[in-house]
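The next block holds one structure in the form of structure tokens; read it before the comments.
The values are calculated or read from the model by the stated rules, or taken from the named source; none is laboratory data. Predicted model only: the values in this text are computed from it and were never measured. Positions of Cβ are backbone-derived with ideal geometry, glycine not excepted, and every protein chain shown enters the neighbour counts.
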Amino acid sequence: MRDTDQLMLRFYGFKKLNVKQINVMNNIEIDPRKFDDLIRLIANIETDVIIDNGASTFVPMSHYLINQIPALLLDMGHELVVHTVITGSQAWLDTLNGFVHLVKQFPKEALFVVWLNPYWGEITMNGKQFEEMKAYLDNKARVSAIIRIPHYKPETFGKDLSEILQSKFTFDEALKNSALPVMVRQRLTIIRRQLFTNLENVAAVLSRTTTSWMH
């Protein structure tokens, strides 16, 4: 895994994931030489690569990626997969439009995985689910998979998940932590099973080694 989000360092905080921090920015622009180093690292890896890329770097990074990088990664034996999140409630229209904008920007070599996160509210429009919306139907061919994050009750499942993420624990670390109450670990076991099953389904439809950009 690689973390290029210089402000949040979300993945880098999870020590068990063996994340490498890479600063590809020079002020508000991509540093071409540093980005070259990132691509060189990817070229030497024969397994999947995950690039965590937060709000502070996603726009300049995506602009830099659009032209030559997807085809280059394909030549290396990697498939570029962009992960993007669509949420409910007030942010749903912005995130939906963001998905459409990304699909239009990136060349056909790039595929997409859409994460539907109902934490802030149901993802519906005029009674239609995401798969029935024009935004999805017009871009269906570019979407490799859809991952539905379950709606976790904030006082139980949601709180347990939030606390381990804030503590930068992996599921394995949390489940082995005897200091956590047994019911907390049981709920985390259920969450882990649900999310990992979704991820395994995504892996099944991607045919080659992937380089995943997480937005």
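So the values come out like this:
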item	result
Near pairs, Cβ below 6 angstrom, 6+ apart or cross-chain, from the stretch 150-161 (touching a residue at least 24 places away in the same chain (Cβ under 8 Å)) to any residue that is outside any helix (DSSP H, G or I) and surrounded by 12 or more Cβ atoms within 10 Å (Cβ to Cβ)	His151/Pro118; Gly158/Tyr152
When residues of the stretch 119-147 are limited to those that are basic (Lys, Arg) and farther than 23 Å from Gln90 by Cβ, the one surrounded by the most Cβ atoms within 10 Å (Cβ to Cβ)	Arg142
Boolean, Ser162 is of a type in the set (Ser, Thr, Tyr), out of contact with any strand residue (DSSP E or B) (no Cβ under 8 Å at 6 or more places or on another chain) and at positive phi	no
Matching residues, the stretch 148-167, being surrounded by fewer than 16 Cβ atoms within 10 Å (Cβ to Cβ), farther than 23 Å from Ile123 by Cβ and of a type outside the set (Ser, Thr, Tyr)	Glu163, Gln166
Criterion violated by Glu200 - all others in (1) closer than 30 Å to Ala43 by Cα; (2) surrounded by 13 or more Cβ atoms within 10 Å (Cβ to Cβ); (3) at pLDDT below 90; (4) not hydroxyl-bearing (Ser, Thr, Tyr) satisfied	(2)
Leu72 being of a type outside the set (Asp, Glu) and buried (at least 19 other Cβ atoms within 10 Å of the Cβ)	no
